[in-house]
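Notes to accompany the following structure.
The values are calculated or read from the model by the stated rules, or taken from the named source; none is laboratory data. On a predicted model such as this, the values are computed, not experimentally measured, just so you know. Cβ: placed from backbone, ideal geometry, glycine included. Neighbour counts: every protein chain shown.
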C-alpha cells in the first residue's frame, strides 16, 4: 500500500434479494494507489458489492464511504472521481470510437476543449488511433474491449473499477490491458479489479480479497494468502509404471496431505517443509519404482482459491 | 450540448428506429396515395345510360334538351346511347357487360322512368345517384315549364346553388392523409422510446454506465428527449413535404397551421415515447409496445378505412375524454379544424390539450426514471 488513507470504506454491508443474502455483513477497505483484486466464484457477491459501492443497488444495511465521504446516488462530486469498465462492452453502437469516448467523457467533463485533450490521450492510451472513426461493430473483440476501457478512463478518474476486462481477449491484448492498468496505478489511480484469471490477479494486484457467499473469506497479498493455506508444496512425478505400492508409500509420509495416482502421474500435496521433494523421491526409491520427469511448485493462487471456496460447481 | 448531439447522432443512425419512425409512415402515405387518390374524382365521371328515343320521349317537355345538355360539354354527366324502344334498351343494358347503368324511358302517361341495372359493379351507387340527379333536375325544369307556358329549358332557373360552408371543400382523400399524419406523429414516439430506454440503468449496460456518471439524471434525460423531439418533428416535416409536394395532396393552403400542429403533436408523442420507455420491459419489447399502441390509437383516428372512421367518429361522440387521451385522434381533429374552419380557435384548443398531455407524460417519464435502479453492471 502506498498510502494508508482509505479510498473505499465499506462497513457491515447487507444486501438481500428476497430470501437470498447476496452480501452478508461485508467489509472492505481499499487504500490510495492500491490495485485491489476481488476474487470469488460466480454468485459470490463481487458484482453486487461493486454495484452497492456505486449506488446502483440499494442495500438493507451498512455504509459506503469514498474518500471518507458517504456515497449516495446523488453524490455527483464523488462520482466524477470514479471510472468504471464493465464486464460487457457498454458503448453506443451508432457512435464512432472517438464519439463514444467523447460522450462518456462528457458525463464527467463539461469543457469541450479539455475533453478533446482527454479523448486524444485515452485513444493513445488504448492504442485505437487508427480506429478512431470506426464504429464498434467494425472492431475486433480485443479492440472493442480497449474501447470499453477508454470510455471508462478517459476522464482520468482517481478510482477505477475494472470488472473482468480481459474476458475473451487474446494474450497480446490482455498483456496490453494489464500493462495499461499498471500504468494507471503508477499515475496514482486506485484500482479495483475483478477477474476469474488467477495468474492475472496474482501478477497485477497489490492486495486480493477472496469472496464467497457474500462474505470476505480472505484478504491480503498473494504471498500472505498462500502462506495462510495449509499447502506448502505440490510435487508431481511421472512414474515408469503405475504402482499402488508407490502411492501407499507416499501416503505414509508425514508431510503428505493428499496423494493421487492418475495413470502413471503421481500428484502429492505436501505440508510446508524443506525436504518434501527429497522425501517423495526417497519413498519411491525405497519401493523400487522408477520415475521420469519431476515437478515441484509452491501453491498457486488457484490452489488458495479452491481451498477457500471449495470445488463445488457454481452458477 | 455534447449529450444532445450524441443522442441526435445515435438515434438518427439507429436503423430500426429510423425505419419504423420515418420510412414506415412514408410508405403508408404512398400506399394511401395509390389507393385513395382520385376518390373524389370518381364522382365526376360521366355515366353510361341508354335512353329510349320514342314518341313519348320526344313529347316530354324539355326532356331531350335536358339530356342533350348533360351529355355534352365540359361538365358531362351522362354518356347516352339511344334505343328506339324499351325492348331494345333493355337488351342493350342486359347484354352490355355492365357498361350501362340502366335506361331512361317515358311512360305512356308521360312519367320519366329509370330502369336500373341491378348487377353489382364498382361505383354502382355513385352512378345511379348521378342519373337520379339528372332526372330530379329535369322534373324541376318540367314543373317550371308547366307553370310558365312558352318558357324554354334555358329559361329555367337553377334550383340549387352550391354554397361553401367550410374554408376548404370536404375531401375524403385529405381525411385519409390526415389520419396518416396522425399515425406518423404517433410512430415518431419511437425515437423517444429508444433514446430513453437506452438510459435506463436496469435495462442496458450503457444505461448502467451512464447512471454511475457524474451528471444528474435530468441532465442526461433532457438532452436525449430534446434530441428525440428534434428528430420526431424533423421526420414529420419531411413527411408533410413528401405528402404535399411529392404526392401532390392539397391541404387547402393551411400548411403553416399543419406545421404548428405537428410541432405540438411531436412534443406530445415524444413525451408518450419517453413514458413508455420507463415501463419495466426489455428495450425491444418497449419499441414494439410503442409501435403497437400507435397502431391501435390510429384505429380511433380513422386510419384503416370507412369502418375505422365510423368507429373513430362514434367513439369520439360517446367518449370525448378518450379522444383527448389519443394524440392520433387529437392531431386528426386539429388538422381538420385548420382545414375546414376559418378560425383557428378549435385547433388552438386541441393544441392546448395536447400540450397538457405532453406535460403529464413527461412528468410520468421523469418520475419513472427516478425510480430506476439496475441489477448488473
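A few notes on this one:
- Residue satisfying all of: in segment B:209-227; crowded, with 19+ Cβ neighbours inside 10 Å and at the interface with chain A (Cβ under 7 Å from one of its Cβ atoms); nearest to residue B:369 (Cα to Cα) among these: B:211
- Set side by side, the residues B:241, B:249 differ, and just one is surrounded by fewer than 24 Cβ atoms within 10 Å (Cβ to Cβ), within 21 Å of residue B:328 (Cβ to Cβ), touching a helix residue (DSSP H, G or I) at 6+ places or on another chain (Cβ under 6 Å) and away from every other protein chain (no Cβ under 14 Å), which is B:249.
- From the list B:194, B:235, the one residue that fits, being over 30 Å from residue A:159 (Cβ atoms), touching a residue at least 40 places away in the same chain (Cβ under 8 Å) and within 12 Å of chain A (Cβ to nearest Cβ), is B:194.
So that you can scan it fast, the table gives a plain yes or no per residue for (1) crowded, with 18+ Cβ neighbours inside 10 Å; (2) under 19 Å from the mean Cα position of the chain (by Cα); (3) away from chain B (no Cβ under 12 Å):
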{"position": "A:133", "(1), (2), (3)": "no, no, yes"}
{"position": "A:138", "(1), (2), (3)": "no, no, yes"}
{"position": "A:145", "(1), (2), (3)": "yes, yes, yes"}
{"position": "A:150", "(1), (2), (3)": "yes, no, yes"}
{"position": "A:159", "(1), (2), (3)": "yes, yes, no"}
{"position": "A:162", "(1), (2), (3)": "yes, yes, no"}
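- Failed criterion for residue B:8 (all others in (1) more than 10 Å from every other protein chain (Cβ to nearest Cβ); (2) under 26 Å from residue B:244 (Cα atoms); (3) at pLDDT 75 or above hold): (2)
- Subset tally (residues that are buried (at least 23 other Cβ atoms within 10 Å of the Cβ) and closer than 20 Å to residue A:145 by Cβ) for segment A:93-106: 7
- Here residue A:125 meets each of (1) in a helix (DSSP H, G or I); (2) in contact (Cβ under 8 Å) with a residue 60 or more places away in the chain; (3) surrounded by fewer than 21 Cβ atoms within 10 Å (Cβ to Cβ) with one exception, condition (2).
- Selection within segment A:164-193 - assigned to a strand (DSSP E or B) and within 14 Å of chain B (Cβ to nearest Cβ): A:192, A:193
- Subset tally (residues that are under 15 Å from residue A:153 (Cα atoms) and more than 7 Å from chain B (Cβ to nearest Cβ)) for segment A:94-107: 5
- Condition check for residue B:336: touching a helix residue (DSSP H, G or I) at 6+ places or on another chain (Cβ under 7 Å), assigned by TED's automatic domain parsing to the domain that holds residue B:199 and under 21 Å from residue B:174 (Cβ atoms): yes
- Residue identified as touching a helix residue (DSSP H, G or I) at 6+ places or on another chain (Cβ under 7 Å) and exposed (fewer than 15 other Cβ atoms within 10 Å of the Cβ) among B:84, B:25, B:61, B:108: B:108
- Of all the numbered requirements in (1) assigned to a strand (DSSP E or B); (2) over 17 Å from the mean Cα position of the chain (by Cα); (3) facing chain B (nearest Cβ under 9 Å), residue A:63 misses one, and that requirement is (3).
- Unmet criterion (only one of (1) in contact (Cβ under 8 Å) with a residue 40 or more places away in the chain; (2) part of a loop (DSSP other than H, G, I, E, B)) for residue A:234: (2)
- Checked against (1) under 27 Å from residue A:8 (Cα atoms); (2) out of contact with any helix residue (DSSP H, G or I) (no Cβ under 9 Å at 6 or more places or on another chain); (3) at pLDDT below 90, residue A:215 passes all but a single condition, namely (3).
- Filter result for residue A:110 (more than 7 Å from chain B (Cβ to nearest Cβ), closer than 15 Å to residue B:207 by Cα and not in a helix (DSSP H, G or I)): no
The rows are residues; the columns are (1) within 23 Å of residue B:146 (Cα to Cα); (2) modelled with pLDDT under 80; (3) more than 37 Å from the chain's Cα centre (by Cα).
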site	(1), (2), (3)
B:38	no, yes, no
B:53	yes, no, yes
B:84	no, no, yes
B:107	yes, no, yes
B:111	yes, no, yes
B:114	yes, no, no
B:126	no, yes, no
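Residue by residue, here is whether (1) in a helix (DSSP H, G or I); (2) over 21 Å from residue B:226 (Cβ atoms); (3) at pLDDT below 85; (4) over 14 Å from the mean Cα position of the chain (by Cα) holds:
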site	(1), (2), (3), (4)
B:270	yes, no, no, yes
B:285	yes, yes, no, yes
B:295	yes, yes, no, yes
B:304	no, yes, yes, no
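- Evaluated against (1) touching a residue at least 24 places away in the same chain (Cβ under 8 Å); (2) in a loop (DSSP other than H, G, I, E, B), residue A:270 falls short on exactly one condition, (2).
- Test: residue in segment A:289-299 that is crowded, with 19+ Cβ neighbours inside 10 Å and within 30 Å of residue A:218 (Cα to Cα): yes
- Which numbered condition residue A:183 fails, given (1) surrounded by fewer than 18 Cβ atoms within 10 Å (Cβ to Cβ); (2) closer than 30 Å to residue A:280 by Cβ: (2)
- Qualifying residue in segment A:9-32 (condition: assigned to a loop (DSSP other than H, G, I, E, B) and within 11 Å of chain B (Cβ to nearest Cβ)): no
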